1. Is it the case, given these coordinates, that GLY377 is within 16 Å of ligand 1 (Cβ to nearest atom), under 18 Å from the mean Cα position of the chain (by Cα) and at pLDDT below 95?
2. Six or more apart or on different chains, Cβ atoms under 9 Å: show the pairs whose first residue is in the stretch 241-254 and closer than 18 Å to LYS199 by Cα and whose second is crowded, with 18+ Cβ neighbours inside 10 Å and of a type in the set (Phe, Trp, Tyr).
3. Select from the stretch 371-398 the residues that are surrounded by fewer than 21 Cβ atoms within 10 Å (Cβ to Cβ) and away from ligand 2 (no atom under 16 Å from the Cβ) and list them in ascending order.
4. All but one of (1) surrounded by fewer than 19 Cβ atoms within 10 Å (Cβ to Cβ); (2) part of a loop (DSSP other than H, G, I, E, B); (3) touching a residue at least 40 places away in the same chain (Cβ under 8 Å) hold for CYS94; state the number of the condition that does not hold.
5. State whether the residues of the stretch 2-12 include one that is farther than 20 Å from HIS78 by Cα, assigned to a loop (DSSP other than H, G, I, E, B) and free of Cβ contacts under 8 Å to residues at least 12 places away in the same chain.
6. So, of the residues in the stretch 68-82 that are of a type in the set (D, E, K, R) and farther than 22 Å from THR156 by Cα, which turns out to be nearest to ligand 2 (Cβ to nearest atom)?
7. Kindly indicate which of PHE146, PHE130, PHE162, PHE169 is within 16 Å of ligand 2 (Cβ to nearest atom), of a type in the set (Phe, Trp, Tyr) and on the phi < 0 side of the Ramachandran plot.
Amino acid sequence: MQTIETYDFKGKKALIRVDFNVPLNENFEITDDTRMRAALPTIKKVIEKGGSPIIMSHLGRPKNGPEDKFSLKHLVKHLSDLLDGATVKIAPDCIGDEAKAMADALQPGEVLILENLRFYKEETGGDEEFAGKLAQNGDCWINDAFGTAHRAHASTAVIAKFFPNDKMFGYVIGGELESLDKVLASPTRPMTAIMGGAKVSSKITIIENLLDKVDNLILGGGMTYTFVKANGGKVGSSICEDDFIETAMTIQKKAAEKGVKLYIATDVIAADGFKADANTKLAPANDIPEGWEGLDAGPESIAVFKEVIENSGTILWNGPVGVFEFDQFAVGSRAVADAIAAATKKGAFSLIGGGDSVACINKFGLADEVSYISTAGGALLEYLEGKTLPGVAAVRGE
Ligand SMILES: Nc1ncnc2c1ncn2[C@@H]1O[C@H](COP(=O)(O)OP(=O)(O)OP(=O)(O)O)[C@@H](O)[C@H]1O
Ligand SMILES: O=C(O)[C@H](O)COP(=O)(O)O
């Protein structure tokens, strides 16, 4: 299999599928450029080895063809800044004569971005003819979009057949797989997963699968209350998914059978509304008054979480343990982030994934103090579930 290191890029046009699906504010300014920064080593390497990078990405989920707010033109200036002022051009379309002409005319050191792939429904439809048209813009294909690797789209998977001997992973996917495989295959024990956040239903299967891998499982944030209710507790108006109470019971039973230690928040900061300036009170997690909802972990839970995390060899964090966006409910997530940083300093391997979890660690300024930050949300979780990701399989020729 080719790699960026071995491949000869000299004079070649390298089609790089990246995940530049970054958040934009109402003025089309990028509010978190983690995914763009992550792709820089791959882009720079292609340039350094004499190739011309041609960037392909989606942005958002446009449904009806081209739409200004989903245009990748909003990213051009910032990419140029990140590349120390390199010339970055944008083609008005991702396929067709004009895009091809612009790709052909690229000078050494210049970068071309093709317009949003999802302006064509053929992209998400995995259309082979469309993939072939994209392929005409380059001599090789680098897949570096880990965040989109769980999608079998034209540019993430189908395009591979047009480059049987000229396809490879970029550094983002390479790094993500290496880090995730390390967590999954040979974790330094004890291994601890912290699962919080708000998406109980979409993450509960992952929790079940994680029981085969971890020694400790911390359940916090919005994840707490379905479990508390399953155990007969009163959760007030906390986020809770009644349809998954049965699953929560099964998970607890399985954890006991497998010897996995489960730590569910025992005390919480309850609020009288989902807002930054809500009134608060400390409450037992299983006795939250009607009209109140748990929005952060309490001091007793935080102390236990910290102790477990700081004595772990491998740590996986997905989902904040409180509504960290509101400062008064960020205490638990801050404590978890600090404990992860402390454990990492002592030699633990720490991996953080998920859009809000990454925003959380960035907010606390601790991104440099953890071992690895994943650029992926859904793709990371599917990989952790043991699923084959189409974007990975396509490069490997599986
Ligand atoms: N107790 C709680 N009640 C309600 N919401 C909570 C609670 N604790 C955390 N949250 C919210 O959960 C959200 C994050 O959940 P989510 O499961 O989406 O995590 P994530 O890291 O973004 O992962 P993904 O990328 O898979 O979405 C945050 O916005 C946070 O405010
Ligand atoms: O943000 C993401 O998770 C990726 O960019 C994939 O986006 P999608 O869920 O719209 O396919």
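1. It is true that GLY377 is within 16 Å of ligand 1 (Cβ to nearest atom), under 18 Å from the mean Cα position of the chain (by Cα) and at pLDDT below 95.
2. GLU241/TYR225; ILE245/PHE227; ALA248/PHE227; MET249/PHE227; ILE251/PHE227
3. If the condition is that a residue be surrounded by fewer than 21 Cβ atoms within 10 Å (Cβ to Cβ) and away from ligand 2 (no atom under 16 Å from the Cβ), then SER371, TYR372, GLY386, THR388, ALA393, ARG396, GLY397, GLU398 are the ones that fit.
4. (1)
5. Yes, the stretch 2-12 has at least one match.
6. Looking at residues that are of a type in the set (D, E, K, R) and farther than 22 Å from THR156 by Cα, I get LYS69.
7. From the options PHE146, PHE130, PHE162, PHE169, the qualifying one is PHE146.
Residue by residue, here is whether (1) in the same structural domain as THR224 (by TED's automatic domain parsing); (2) assigned to a strand (DSSP E or B); (3) within 20 Å of GLY51 (Cα to Cα); (4) modelled with pLDDT of 95 or more holds:
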position: ALA154; (1), (2), (3), (4): no, no, no, yes
position: ASN165; (1), (2), (3), (4): no, no, yes, yes
position: THR192; (1), (2), (3), (4): yes, yes, no, yes
position: GLY197; (1), (2), (3), (4): yes, no, no, no
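The values are calculated or read from the model by the stated rules, or taken from the named source; none is laboratory data. Bear in mind that the values here come from a model prediction, so they are computed numbers and not experimental data. Heads up, the Cβs are rebuilt from the backbone with ideal geometry, glycines too, and the neighbour counts pull from every protein chain shown.
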